[in-house]
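Have a look at the structure below before the remarks.
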Amino acid sequence: MKWVLRIISSLVILVIIGAGIVLIPAHIQIRGVTPALPSEEELLALTKPSNALSGPTKLSYILTSSQPLARGQISHISILVEWENGRRFLIDAGMSRQEAENFAALLKKMDPSAGQATVRGTISELLGPDTKYVAGVGFTHLHIDHTQGIKSFCDARGPGALLLQTESQRKLQNFNTTEGAEIVFGSCLTRTAFSSGDNESLYKSPQFPGIAALALGGHTPGSTLWAVALGDKVFLFSGDITNDKASLNQDTPKSAIYSYLLVPENTNRTSELRKWLHTLDQNDRFSVIVSHDLASTQLYLSAFVNDANFSKK
Ligand SMILES: [Zn+2]
């Protein structure tokens, strides 16, 4: 029997070494992404675009799929920003119908209490004729559930939309963002110059006045906050720094298994970001929107309504 135990313990050691080879570099990498956070004043300056173009006039959410879990529903939401001149910007792209089913099946394996997924459609199906007016796309991060739908978007739209990314999102990948990065970099989106000024951390583009991106780190090396001014308020799209708004309000971390083994996170940084975002959310001029939390998103935004007559306007 001794030899059986020896084989089992050797296998366990091999698995631990293998996991370490993958996980340790990812943990070191994400601990290196801690850029400075902007002040409230810097964020509020977005409400006054400096060039002649005015800021966004409409913000809405697009629910691509959802699945009930014991701890609450997980929703896959994209955000559409619109300007008066018809220009549109999309934040996150959801998944194809098949990938949404696969993602739901994977969650069900990890959490047997997970229910049946409701797949509403791809981002291009839900945008309908408006798809071709999307002039730019940004991602809160490059995990597959936020990026894979860009394939159907490109099939429907063709080339011409710009890809806006922080330097961290463009350059830094780990083992669970490489697939999403390949999809995005191989897509119809055109990479464009997008920069933060000398003394600030917000990335801005003259083509899209009133919006900015901020490298966050914490969840993935390329995790990005999208700040969008609407009237005199700034909406902050925080991606998956938390999976629901309650975790942000109550300062609840994700499980250790998730943050150390499944998705290598910088838990010091996610803790700092939860507090920073919660403080901003307490201020009437800001609202934080969490990617996977439909109920909380509905408190602030209305659902996008596909306007079949848009192209005739
Ligand atoms: Zn996600």
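A search for C-beta distances below 8 Å between a residue of segment 63-78 that is farther than 20 Å from PHE89 by Cα and any residue that is acidic (Asp, Glu) and surrounded by fewer than 20 Cβ atoms within 10 Å (Cβ to Cβ), counting only pairs 6+ apart in sequence or on different chains, returns LEU69/ASP111; ALA70/ASP111.
Within segment 229-243, one or more residues are β-branched (Val, Ile, Thr), surrounded by 22 or more Cβ atoms within 10 Å (Cβ to Cβ) and touching a His at 6+ places or on another chain (Cβ under 7 Å).
Can you tell me which of ASN268, ASN306 is part of a loop (DSSP other than H, G, I, E, B), of a type in the set (S, T, N, Q) and surrounded by fewer than 20 Cβ atoms within 10 Å (Cβ to Cβ)? None of the other options fit; the residue is ASN306.
Residue count for segment 15-69, restricted to those that are small (Gly, Ala, Ser) and touching a Gly at 6+ places or on another chain (Cβ under 9 Å): 4. Highlighted here are the strands (runs of 3 or more DSSP E) found entirely within segment 141-243 that include at least 1 residues which are closer than 28 Å to GLY121 by Cβ and of a type in the set (Val, Ile, Thr): 211-215, 224-230. The residues in segment 269-281 that are closer than 17 Å to GLN29 by Cβ and without any contact (Cβ under 8 Å) to a residue 24 or more places away in the chain can be counted, and the count is 0. Applying the set (1) in a helix (DSSP H, G or I); (2) away from the ligand (no atom under 16 Å from the Cβ) to TYR258 leaves exactly one unmet item: (2). If the condition is being away from the ligand (no atom under 16 Å from the Cβ) and not in a helix (DSSP H, G or I), then segment 107-136 contributes PRO112, SER113, GLY115, GLN116, THR118, ARG120, GLY121, THR122, VAL134, ALA135, GLY136.
In segment 140-153, the residues that are of a type in the set (Asp, Glu) form no Cβ pair under 6 Å with any partner that is away from the ligand (no atom under 12 Å from the Cβ), whether six or more places apart or across chains.
The rows are residues; the columns are (1) in contact with a Lys or Arg (Cβ under 6 Å, 6 or more places away or on another chain); (2) within 17 Å of SER78 (Cβ to Cβ); (3) away from the ligand (no atom under 16 Å from the Cβ); (4) aromatic (Phe, Trp, Tyr).
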| position | (1), (2), (3), (4) |
| --- | --- |
| LEU162 | no, yes, yes, no |
| PHE194 | no, no, yes, yes |
| THR220 | no, no, no, no |
| LEU225 | no, yes, no, no |
| LEU236 | no, yes, yes, no |
| ILE241 | no, no, no, no |
| ALA246 | no, no, yes, no |
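The residues on offer are ILE150, ILE211, and the sole one that is away from the ligand (no atom under 16 Å from the Cβ) and either over 20 Å from SER78 (Cβ atoms) or not small (Gly, Ala, Ser) (or both) is ILE211.
Read-outs: derived from the displayed coordinates by stated rules, not from any lab. Given the structure is predicted, the values throughout are model-derived calculations rather than measurements. Positions of Cβ are backbone-derived with ideal geometry, glycine not excepted, and every protein chain shown enters the neighbour counts.
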